[in-house]
Structures are given as structure tokens and as C-alpha cells.
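Down below is the structure, laid out as C-alpha cells.
The values are calculated or read from the model by the stated rules, or taken from the named source; none is laboratory data. Because the structure is a prediction, the values reported are computed rather than measured. Glycine also receives a Cβ, built like all others from the backbone with ideal geometry; neighbour counts cover every protein chain displayed.
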Amino acid sequence: MRDRVVPVFSHGFLFLWALLTTLPLVWVAVSSFKSDEEILTDPWGLPATLRWDNWGRAWNEAHIGRYFLNSAVVVTGALVLTMLLGAMGAYVLARYRFPGHRVVYFGFVGGMMFPVFLALVPLFFVVRNLGLLGTLPGLTFVYAAYSLPFTVFFLTAFFRTLPSTVAEAAMVDGCGHFGLFFRVMLPMARPGLVSVGIFNFLFQWNQYVLPIVLMQGEGAEKRWVLAQGLTALAVNEGYRGDFSGLFAGMTIAIVPVLAGYVAFHRQVQRGLAAGQLR
């Protein structure tokens with residue numbers, strides 16, 4: 001009897017959690033096809049017709065398209081830097097011993113516990129002195145820097161579990177250190193790379209505080225990322241009553257995240273499961 005009751009409660013909790021997570025997303029997506037009158041008078045009903053013009057109005061008139069492109073450029077560049085530098089650093093910390101090895105590793109671990117709010121003021125002056133304030137490259141470098149501690153911490157444990165016999169066989173066959181990393185060890189660490197890449201993508205795509213602080217200066221509005229654009233849309237459209245355009249903009253922001261999870265959810269699950277087993 002006990003063996004039957006426990007799965008019922010666990011599955012019931014998971015089902016309830018899935019509803020709490022999914023229903024708001026579905027409601028936002030459905031509301032993006034409604035008129036403002038339907039949203040206010042029948043918020044839980046289905047739209048009478050699919051109003052795709054809401055999406056076009058949000059994309060063009062509210063400049064969500066521009067903000068979407070800026071976010072795509074920044075996040076793509078930051079992910080490439082984060083994954084490349086993080087994987088290289090994690091591999092060295094996991095496979096090589098050198099003086100200060102533990103200090104460097106715990107330095108990255110300590111970076112995970114450092115609140116971003118404490119670094120906003122000095123970070124602002126550093127970026128400004130480098131001439132990168134209000135620029136997409138400056139925001140890209142900052143995103144990558146703040147994602148490195150978690151990436152190194154996650155991948156260091158993963159690289160430590162990879163079999164040493166494969167690396168030794170590659171070295172015997174004449175493979176150098178760089179070739180060993182890029183041709184042998186990096187492909188073997190693909191599950192871990194995909195998992196941490198998804199987490200970094202979510203963090204960087206939804207980042208709001210850093211763009212608010214660093215996207216300053218003349219004409220910075222043209223280089224806003226999606227989180228800033230959605231905030232401005234919520235404020236402006238809230239006074240005008242264009243709630244349908246607001247929901248359309250929110251749906252556009254959600255689509256890449258959902259698409260990324262749908263495309264890589266199996267790899268993420270395998271990577272996390274592999275880390276637990278090891």
C-alpha cells in the first residue's frame with residue numbers, strides 16, 4: 001500500500017507543478033491573439049479570431065524586432081565566449097596540477113556567490129573607462145564574465161569524470177594538448193556542455209539589471225536588449241491600453257527559450273543524469 005501511495009503523491013505534485021508552470025505561458029500566448037476588449041472582458045476565453053497583427057504591431061511599432069536582434073547578437077557572442085573560455089579553464093583545472101590550482105578553482109567558486117548588485121557601480125566605471133559603455137560588445141563581455149564562474153564550476157566536475165585512458169591513448173598516438181582537448185575531450189563532454197549552455201542561455205537572455213546599468217548614453221535606446229524593450233513596452237502600452245501588443249511582445253520573448261528547451265531537453269536530462277551518476 002505504501003509503495004502505491006508514494007508514487008500517487010509524487011506524480012500528483014509533479015502534475016500540479018506542471019500546471020502552475022504551463023498555464024501562465026499558455027495564457028500569455030492565447031492573449032497575444034486577442035483584442036484588447038477580449039482581454040479585459042473575457043481574460044480566460046479563447047480569441048474569436050487569431051489577430052496576427054498584434055505580433056506585427058509589437059515587432060515593428062514597439063521595436064521588439066530590433067530588441068530581439070540585439071539580444072540575439074549579445075547572447076550568441078556571450079555564449080560562444082563563455083563556453084569556449086569556460087571549457088578550457090575547466091579542463092585545465094580538472095586535468096592538470098600546478099601551483100595555486102586550488103586557489104584558482106575556489107576563486108571561480110567564490111565568483112558564483114558574489115551578488116551582481118555589489119559590482120554594479122565599479123563595473124559601470126570599468127566599462128565606461130574601456131569605452132564600451134552603451135555598446136553591444138561591452139554587454140557581451142560582461143555577460144560572458146558573469147557566466148564564467150558557474151560554467152567552470154559545472155564543467156570542472158564533468159571533465160574530472162571523463163576516462164583518463166582515452167586521453168592517454170590519444171597522447172600515445174601523437175595527439176598534442178590542444179588536439180587532445182578540441183578533438184577528444186571536448187566531444188566527450190558534449191552532454192555537460194549542452195546542459196550548462198542551456199542554463200547560461202536562460203540567464204543571459206532574461207538578464208535585466210546589467211543592461212539597465214550598462215546601456216547608457218546617447219542613442220542607447222537603439223541598442224537595448226529584449227528585457228529593456230519589454231519593460232518600456234509594458235510602461236508605454238500600459239497607459240495606452242494596448243494590452244494585446246504587450247502580450248504579443250512577451251510571447252515573442254518566450255518563444256526562443258521554449259524552442260531551445262524543446263530542441264535540447266533530452267541532452268540536458270542526459271547531462272544532468274550523467275553528472276549525478278558520476
Item to complete: Would you be able to tell me the number of residues in the stretch 244-266 that are touching a residue at least 12 places away in the same chain (Cβ under 8 Å), exposed (fewer than 14 other Cβ atoms within 10 Å of the Cβ) and either more than 16 Å from PHE201 (Cα to Cα) or touching a Phe, Trp or Tyr at 6+ places or on another chain (Cβ under 6 Å) (or both)?
Response: 0
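Would you confirm, using the coordinates I've provided, whether VAL80 is surrounded by fewer than 16 Cβ atoms within 10 Å (Cβ to Cβ), modelled with pLDDT of 90 or more, under 20 Å from the mean Cα position of the chain (by Cα) and at negative phi? Steps first, answer last, please.
Details: surrounded by fewer than 16 Cβ atoms within 10 Å (Cβ to Cβ): yes; modelled with pLDDT of 90 or more: yes; under 20 Å from the mean Cα position of the chain (by Cα): yes; at negative phi: yes.
Yes; evaluated as a whole, the condition is true for this residue.
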Item to complete: Please specify each residue of the stretch 47-60 satisfying the condition of being without any contact (Cβ under 8 Å) to a residue 24 or more places away in the chain, under 31 Å from the mean Cα position of the chain (by Cα) and either assigned to a loop (DSSP other than H, G, I, E, B) or at positive phi (or both).
Response: LEU50, TRP52
Discussion item. Being acidic (Asp, Glu) and over 15 Å from LEU139 (Cβ atoms) is the filter here; which residues of the stretch 184-240 pass it?
Written reply: GLU218, GLU237
Item to complete: Can you tell me which residue within the stretch 229-278, out of those that are among the aliphatic types (A, V, I, L, M) and over 27 Å from ASN70 (Cβ atoms), is modelled with the lowest pLDDT?
Response: LEU277
Item to complete: Report whether or not ILE198 is β-branched (Val, Ile, Thr), part of a helix (DSSP H, G or I), at pLDDT 85 or above and out of contact with any helix residue (DSSP H, G or I) (no Cβ under 6 Å at 6 or more places or on another chain).
Response: no
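Based on this model, can you work out whether GLY77 counts as free of Cβ contacts under 8 Å to residues at least 24 places away in the same chain, part of a helix (DSSP H, G or I) and not aromatic (Phe, Trp, Tyr)? Spell out how you get there, then give the answer.
On the way: free of Cβ contacts under 8 Å to residues at least 24 places away in the same chain: no; part of a helix (DSSP H, G or I): yes; not aromatic (Phe, Trp, Tyr): yes.
Criteria not met by GLY77.
Can you confirm whether LEU85 is without any contact (Cβ under 8 Å) to a residue 12 or more places away in the chain and within 25 Å of TYR146 (Cα to Cα)?
Details: without any contact (Cβ under 8 Å) to a residue 12 or more places away in the chain: no; within 25 Å of TYR146 (Cα to Cα): yes.
No, not satisfied.
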Worksheet item: Out of (1) over 19 Å from PHE201 (Cα atoms); (2) in contact (Cβ under 8 Å) with a residue 12 or more places away in the chain; (3) not polar (S, T, N, Q), the odd one out for VAL92 is which?
Response: (2)
